[in-house]
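For reference, the structure is listed below as structure tokens.
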Amino acid sequence: MFVASASTTVKFHEFPNGNVMHHYQPGNKVEGPIRSISWSRDGNWLSLVPFSGHADVVSVKDQLKLIRTIQDVDEPSCVAFLNSTKKLIALGTKGGQVFIYDIKMKNTTKRFPRASSLISHVDFTAKDTHCVAGCTNGDILLFSNTTNNLSCTLRVPKSRSVTSLRANRFKRNLIIGGSNEGIVVVWDSNVNKVKFTMEAHKAPVTSVAFSPVNSDLVVSTGSDRQFCFYDIIDSKRIASVPVENNITAVDFSPEGTYFVMGSQNGRVYIYDSRNIQEPVHSFSGHTSAVKHLIFQRSLDSKSASSSSISDDSIVPIQTLEEPSNCDSDIFGMFIQIPSNEMVESIKTSGNSMEAGDSFFAALGLDKNNTLESFQQDVSTESTKKWPEDKNNSAQKSTHDKIGLVDSKQIQMSSTPKFFPQNFKNIRSPSYTVNQGYANLTLSDVQTVIKETVKEDVKATLEEIRTDIKFQATHTTYQIKRMLLDFQMAMVREFIKVENFCNSIRDDLTTDSPRHAENNYLMEENEQLKKRIEFLEQQVAFLTVTDQAQMEQHK
């Protein structure tokens, strides 16, 4: 399992030792810190937005390689994969736009109403019902992913900023955020109201996260050199732990047992949730501040548990002391210290407290937790329950043939080390296992495999059909929309031409007011011309008369 950390570059660390397995630098030169990173639902792809330029999608499945550079969206500022599919991502832009981009089809499939400022954070609620976008002006926009409309606008109380934002991937109605004023708030999107708020830090909140095993438990980090845990049901702070450097990023492991934090000096710290006072391990991540830190997602729970921290790197559970600030039952399995009665109960049942974190080991099946141990239990139980007969040898050979998986490759899922006091009453599953394998033959196994493959092929074909249907519907919708836009443009141009023709016709119509005014001016002009001619005649007559009088006087 990888932990992706981002500063000016992105590094993929192996968990928990911190070894750098891959290193990716977007572009040819470093211009600034990475703005945003996001894992796909299967943990094979990671999308990132560099300080400047286009967003990239890289693959870490076998080796690090660039899948796509999204050049259709200009000036991206943040990115997030959908929870239900890895072919679609949301991209926020500096212009306040949020797009849904199809990586395989290489086009933008959806856009939400434009915001009034830069989109700094983007995320999806559980089941991808809504897209959550945080803006630099403090607005938190909740867009419906079905109707593409703005459902509501949220704000951090007593603040005009949002520095961190994250939606719960398991409860679709919970959203957590932080602000420059040190306020941590949780909203309930079902009623569009604040569910929990607290002035937690004396400096800006740098990162927030939900616990994957308990949605009522949240953690926040701040620039005041401390991180805090909260119980949002009781609306109180469970723990507040000071650290040496400012914490800039935080995230829980998929099983919720550990959480990692990135610091201002570039180091990454790993904490055990059962003892949060001191880190169990740390390693150097970057030479500058860690801006983002996210665990790799995984659809296979076994793969997540198989790469958990080994017992050698963890403080023994017997030596842990409960932190004085942790006084809430919400912490549950994380900091619960076993009572004396529980310890005696475990010892009485034949289980060691050092048995590891396997559920089957706690039930007594502690023979390396392999398929061999199950087969041994089956043979022992069959010897006790039934007398020997000819079928026993046949069954034994059948079990030998069924060994399809190497026992060393099997590892059970991770579970808590301690259980309730009445766990002794849980019956051992050996009898059930025996009955399940008693009459199993090789042909039965082949039949099961065929049915499983058939179901997988059927599910894959159904998914392909659904995808094709979706693309066909979407393409038809786009064509209809383009035709409608073209028709509307033609109507607008026709109206403009018609108005122009009407104005010309009005000018040429004799009954128009403008024409009447022109006629009036022409008549007045004619009258003035006649008046001028008359005056000229009078002047000429007077001139002749004056000349005649002057001659008479002479």
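Only one of the numbered conditions (1) in contact with a Phe, Trp or Tyr (Cβ under 6 Å, 6 or more places away or on another chain); (2) within 29 Å of Tyr271 (Cβ to Cβ); (3) surrounded by fewer than 21 Cβ atoms within 10 Å (Cβ to Cβ) is violated by Ser59, and that is (2).
Suppose we filter Gly138, Gly177, Gly182 for residues that are assigned by TED's automatic domain parsing to the domain that holds Ile232, over 15 Å from the mean Cα position of the chain (by Cα) and not β-branched (Val, Ile, Thr); which single one remains?
Gly182
Looking only at the stretch 157-203, residues that are β-branched (Val, Ile, Thr) and without any contact (Cβ under 8 Å) to a residue 40 or more places away in the chain come to 4 in all. Checking each residue of the stretch 74-93 against the condition of being of a type in the set (D, E, K, R) and more than 16 Å from the chain's Cα centre (by Cα) gives at least one match.
Are any residues in the stretch 56-75 of a type in the set (D, E, K, R) and assigned to a loop (DSSP other than H, G, I, E, B), and if so, which ones?
Result: Lys61, Asp62, Asp72, Asp74, Glu75.
One residue stands out in the stretch 118-127 among those that are at pLDDT below 95 and surrounded by fewer than 20 Cβ atoms within 10 Å (Cβ to Cβ): the one that is farthest from the chain's Cα centre (by Cα), namely Lys127. Is there any pair with a first residue in the stretch 234-258 that is in contact (Cβ under 8 Å) with a residue 40 or more places away in the chain and outside the structural domain of Ser273 (by TED's automatic domain parsing) and a second that is surrounded by fewer than 17 Cβ atoms within 10 Å (Cβ to Cβ) and assigned to a strand (DSSP E or B) whose Cβ atoms are under 9 Å apart and which are 6 or more apart or on different chains, and what are they? Correct list of pairs: empty, since none qualify. Scanning the stretch 26-82 for residues that are within 17 Å of Ile294 (Cα to Cα) and among the polar types (S, T, N, Q) yields a count of 6. Count of the stretch 95-116 residues, restricted to those that are loosely packed, with under 15 Cβ neighbours inside 10 Å and either outside the structural domain of Arg41 (by TED's automatic domain parsing) or among the small types (Gly, Ala, Ser) (or both), is 2. Of the residues Gly92, Gly53, Gly32, Gly43, the single one that is part of a loop (DSSP other than H, G, I, E, B) and surrounded by 19 or more Cβ atoms within 10 Å (Cβ to Cβ) is Gly43. So for the stretch 3-23 (the condition being over 27 Å from Ser282 (Cβ atoms), of a type outside the set (Lys, Arg) and either crowded, with 19+ Cβ neighbours inside 10 Å or out of contact with any helix residue (DSSP H, G or I) (no Cβ under 8 Å at 6 or more places or on another chain) (or both)), does at least one residue qualify? For the stretch 3-23, residues over 27 Å from Ser282 (Cβ atoms), of a type outside the set (Lys, Arg) and either crowded, with 19+ Cβ neighbours inside 10 Å or out of contact with any helix residue (DSSP H, G or I) (no Cβ under 8 Å at 6 or more places or on another chain) (or both): absent. Applying the criterion of at least 2 residues that are under 23 Å from Thr221 (Cβ atoms) to the strands (runs of 3 or more DSSP E) found wholly in the stretch 120-193 leaves 130-135, 164-167, 174-178, 183-188.
Checking Thr85 against (1) at pLDDT 95 or above; (2) over 26 Å from Ser288 (Cβ atoms); (3) not charged (D, E, K, R), only one condition comes out false. Which one? Thr85 satisfies every listed condition except (1).
The values are calculated or read from the model by the stated rules, or taken from the named source; none is laboratory data. Quantities reported herein were computed from a predicted structural model and do not represent experimental measurements. Glycine also receives a Cβ, built like all others from the backbone with ideal geometry; neighbour counts cover every protein chain displayed.
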